[in-house]
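Input: a single structure, listed below in structure tokens.
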Amino acid sequence: MFAVHDEEAALDIVQDSMLKLAEKYGDRPEEEFPMLFQRILQNTIRDYYRRSKVRSMWTTLLSAFSKDDDEDHDPLETLAADEDQKGEARTPESKLLQAQTLNLIEDEIKKLPTRQREAFLMRYWEDMDVAETAAAMGCSEGSVKTHCSRATHALAAALSAKGIEL
């Protein structure tokens, strides 16, 4: 079983798991709760790590486009970055390359099928969890996971084909 080392995330995972148990299995006999809770908890932890992995991939890709001290910076909305990570002045060529890369990413996100794009943006840009995304999209949590997985793979393949490695 996985271990979550971030205390706040671990508490959120336990709380979400308890809510899922109560909502979906509250009518079950009490002796089934430990087994059900264990399975729900394991799945919620797996979801946490999958989501973290995908978010990390996209954050790593896009982190080069924001200033280190600007937490609210959205790389898909602005290209305001005067210095690179080394603190040196950015060249016009690097700014152009950065703008072109962001445009490619935006274009590829727009090309995704509607449901994949919605799921991807809600989960990874709006920071909604699977249940919130499912409720907003009017579908099951499994559908949200499928849409996100397909979107992530499609984006990675499209960007890789254009020379952008993740």
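Data overview
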| item | result |
| --- | --- |
| Accessible area (Å², 1.4 Å probe, nearest 10) - Leu19 | 90 |
| Gain on full stretching of the segment that runs from Lys110 to Asp127 - 0.36 nm per residue minus C-alpha separation | 4.2 nm |
| Where Val14, Val144, Val4 fall by accessible area, highest first, once all protein chains stay in place (1.4 Å) | Val14, Val4, Val144 |
| With eigenvalues of the C-alpha gyration tensor scaled by 5 and rooted, the range 89-166, Å | 29, 13, 9 |
| Cys148, Cys139, reordered so the largest accessible area comes first (probe 1.4 Å) | Cys139, Cys148 |
| Exposure rank, largest accessible area first [Phe33, Phe120; 1.4 Å] | Phe33, Phe120 |
| Solvent accessible area, Å² - Tyr49, 1.4 Å probe, full protein context | 80 |
| Gln38 paired with Ser52, simple spin-label distance in nm, labels 7 Å along Cα-to-beta-carbon | 2.3 |
| Nearest-10 value in Å² for the accessible area of Met18, using the 1.4 Å probe | 110 |
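The values are calculated or read from the model by the stated rules, or taken from the named source; none is laboratory data. Computed from a predicted model, the values in this text were never measured in an experiment. Counting neighbours? That spans all protein chains shown, and the Cβs are built from the backbone with ideal geometry, glycine included. Side chains included, ligands, DNA and RNA excluded: accessible areas come from the protein's heavy atoms. Shrake-Rupley method; radii C 1.70, N 1.55, O 1.52, S 1.80 Å.
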